[in-house]
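Visitor: Before anything else, here's the structure in question.
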Amino acid sequence: MKKNERGLWATKFGFIMATVGSAIGLGNVWKFPYITGVHGGGAFVVTYLVCICLVGIPVMLAELIIGRSTHQNPEGAIEILASKKSNWKIIGYMGIFTAFIILSYYSVVSGWILSYIGKSILGKFNANQDAAQIASMLATLLQNGTLVIVLHFVFMAITTFIVMFGVHSGIEKASNILMPALFIMLLGLLIYALTIPGSLSALEFIFKPDFSKLTPKAVLEGLGHAFFTLSLGMGAMITYGSYLNHNQRLIPSAFLVALLDTVVALIAGVIIFSIVFTFNLEPDAGPTLIFSTLPSLFSQIPYGNIIAVLFFISLGFAALTSAISIMEVVVSFFIDKFHWTRKKVTISVGFAAFLLGILSALSFNVISEVKLPLGFLFGERPTFFDAFDKIASNILLPLGGLLIAVFVGFKVKKAVFDRELTTSEKKLVPIIKFILRFVAPALIGIVFLYGLNLTHPIFEYLGIE
Ligand code: PHE
């Protein structure tokens, strides 16, 4: 991360760690397992992997090219590559809007993690409690709307504080230790999880696709999640790419980040479903899944309490590095555009996102029965929390990604590609352009058409339902 003055990442490791820090977060450990569970496992995982490869990696490359060739925030970058008046700037505005929405509910879930850090420090997950009792702890927390809002406030305040003071060197140093720590802990838990009885069913659930279970909605979710988990479609990678110097090769970087991110998600999935099938829990529990499963594992294993503390702290940290990158997109735009001070912008953005997040915080208690009339898009009427997540991840991010792909595929000049890619990378330009121009937009378009209940008479007329 960089503060208001423009700078460059010091090292390749620093860039990869920061980018991986943005990419790896709640998306991998919280969201991926829960949506995999909701959508029935293997076939969904295959869809998600296909979307990562065919759409995610090319769009990440496109964002890095936009960022590094201009050293600007998303909106300013497009001004340079297109023109000041260009309509393509909508990419920038949409990204800022999307980032704001994601920030608001991301902080709510991160607040739950804060509570779990507290619970694990107090030794709440122990062998005296059975899986059902542990699973009910989150329900108890969620019923307490005030506490959920307070925790959401605390997380948002920490994020705001860091983005405001730009203690980036501290964050970079901490992420250099805590991201690998999370990774090692996940590996350790994976090895343990593979020894418990439910692990075979878990592997089968995740890696044995049953395509008859795949619905158009699941495909849309897989696509949306590919964007969410790689931090794509709203300009975060444009911003990070803008701090990158020319010593680094973009294509291998995009592959490496996508690979690490995917590996972490799959490991988290295997761990969580091993617990689910060992303790006969529900795989389709939804957003509460990891909170009702992981602590059961901690309660069983030697030194489980210490591992629990370390695990939730690293997960909280992974969430923080992602939240920082989300907030930075909004903040850097207002600073660049209106020349307001970083302090003023950050506090305003943090506070506004906190207020919006209250709707998500209350979606699990006070207003859990309030369902928005968006059934025409999503099938079921969503709560505020679901609506924010689905609109942002499943519509706005893929739409942003589509525009970015088309923009870089058609509008960005050859000279830019020549400058941004090395000689060996340039051989791939025709393939990259083909994917950005046709493959990614077509895939996103088709998935939208089928996934978003777009059953307008014209589609019926065309034979598309
Ligand atoms: N990629 C992050 C995660 O998986 C979330 C995120 C989304 C971060 C969009 C930045 C932009 O948790």
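Visitor: Could you give the angle, 0 to 90 degrees to the nearest 10, between helix 145-165's Cα long axis and the longest principal axis of the Cα atoms of the chain?
Guide: Helix 145-165 sits roughly 40 degrees off the main axis of the chain.
Visitor: Here is a follow-up. In sequence order, what are the phi-derived ³J(HN,Hα) couplings for the range 47-54 according to the Karplus relation 6.51 cos²θ - 1.76 cosθ + 1.60 with θ = phi - 60°, rounded to whole Hz, with x for glycine and proline?
Guide: So the Karplus estimates, Gly and Pro as x, are 4, 4, 5, 4, 5, 4, 6, 7 Hz.
Visitor: Give the residue from 83, 155, 394 lying farthest towards the positive end of the charge dipole for the chain; charges sit on Cβ (+1 for Lys and Arg, -1 for Asp and Glu) and the dipole is referred to the Cα centre.
Guide: Sorting the options by dipole projection puts first 83.
Visitor: Let me ask something additional. Can you tell me the length gained on complete extension of the stretch residue 207 to residue 428, counting 0.36 nm per residue apart and subtracting the Cα distance?
Guide: This chain segment gains 76.5 nm when fully extended.
Visitor: Using the Karplus equation 6.51 cos²θ - 1.76 cosθ + 1.60 (θ = phi - 60°), what ³J(HN,Hα) coupling, rounded to whole Hz, does each residue of the range 315-322 give in order, writing x for Gly and Pro?
Guide: For the range 315-322, the Karplus-derived couplings read 5, x, 5, 4, 5, 5, 5, 6 Hz, x marking Gly and Pro.
Visitor: When we measure straight from the Cα of residue 85, which lysines land under 27 angstrom away, once same-chain ones fewer than 8 places off are left out?
Guide: 337, 411, 413, 414, 433
Visitor: In percent, how large is the relative contact order of the range 3-462, given Cα pairs closer than 8 Å and 6 or more residues apart?
Guide: RCO, the range 3-462: 34 percent.
Visitor: Students often forget the sequence filter, so: which aspartates and glutamates lie under 15 Å Cα-Cα from residue 344 once same-chain residues fewer than 8 apart are removed?
Guide: Leaving aside aspartates and glutamates fewer than 8 places away in the same chain, those within reach of residue 344 are 328, 336.
Visitor: Let me ask another. Among 422, 118, 307, whose Cα sits farthest toward the positive end of the charge dipole of the chain (+1 at Cβ of Lys/Arg, -1 at Cβ of Asp/Glu, about the Cα centre)?
Guide: The residue sitting most towards the positive pole is 422.
Visitor: One-quarter of the Cα convex hull surface for the chain, in nm²?
Guide: Taking a quarter of the hull surface, the average projection is 21.4 nm².
Visitor: OK, next. By how many degrees, 0 to 90 and rounded to 10, does the Cα axis of helix 12-23 deviate from the longest principal axis of the chain?
Guide: 60 degrees
Visitor: Residues of the range 3-462: accessible area per residue at 1.4 Å, in Å²?
Guide: With all protein chains present, the range 3-462 gives 39 Å² per residue.
Visitor: Something else now. About its Cα centre, what dipole magnitude does the range 1-143 give when the only charges are +1 on Lys and Arg Cβ and -1 on Asp and Glu Cβ, stated in debye to the nearest 20?
Guide: Value, rounded to 20: 340 debye.
Visitor: Sticking with this one: What does the helix-only formula give at 222 nm for the chain: each DSSP H stretch with n ≥ 4 adding -39500 (n - 2.57), the total divided by the residues, and the result rounded to the nearest 500 deg cm²/dmol?
Guide: Helix-only estimate at 222 nm: -22000 deg cm²/dmol.
Visitor: What ranking do 345-358, 130-143, 285-298 get when scored by the average of other Cβ atoms within 10 Å per residue, highest first?
Guide: Those peptides, ordered most packed to least, come out 285-298, 345-358, 130-143.
Visitor: Helix 168-193 versus the longest principal axis of the chain: what is the Cα-based angle in degrees, 0 to 90, to the nearest 10?
Guide: Taking the Cα atoms of the chain, the angle to 168-193 is about 50 degrees.
Visitor: So how do 385-391, 177-183, 272-278 stack up, highest first, on mean other-Cβ count within 10 Å?
Guide: Listed from highest to lowest mean packing, they are 272-278, 385-391, 177-183.
Visitor: Taking the Cα centre as origin and putting +1 on Lys and Arg beta-carbons and -1 on Asp and Glu beta-carbons, what dipole magnitude results for the range 3-462, to the nearest 20 debye?
Guide: The calculation lands at about 1360 debye.
Visitor: Under 19 Å Cα-Cα from residue 390, which aspartates and glutamates qualify once same-chain neighbours fewer than 8 residues away are excluded?
Guide: 221, 284, 369, 380
The values are calculated or read from the model by the stated rules, or taken from the named source; none is laboratory data. Predicted model, so just to flag it, every value in this text is computed and none were measured. Cβ sites come from the backbone with ideal geometry, for glycine too, and all protein chains shown count toward neighbours. With ligands, DNA and RNA removed, areas are computed over all heavy atoms of the protein, side chains included. Shrake-Rupley method; radii C 1.70, N 1.55, O 1.52, S 1.80 Å.
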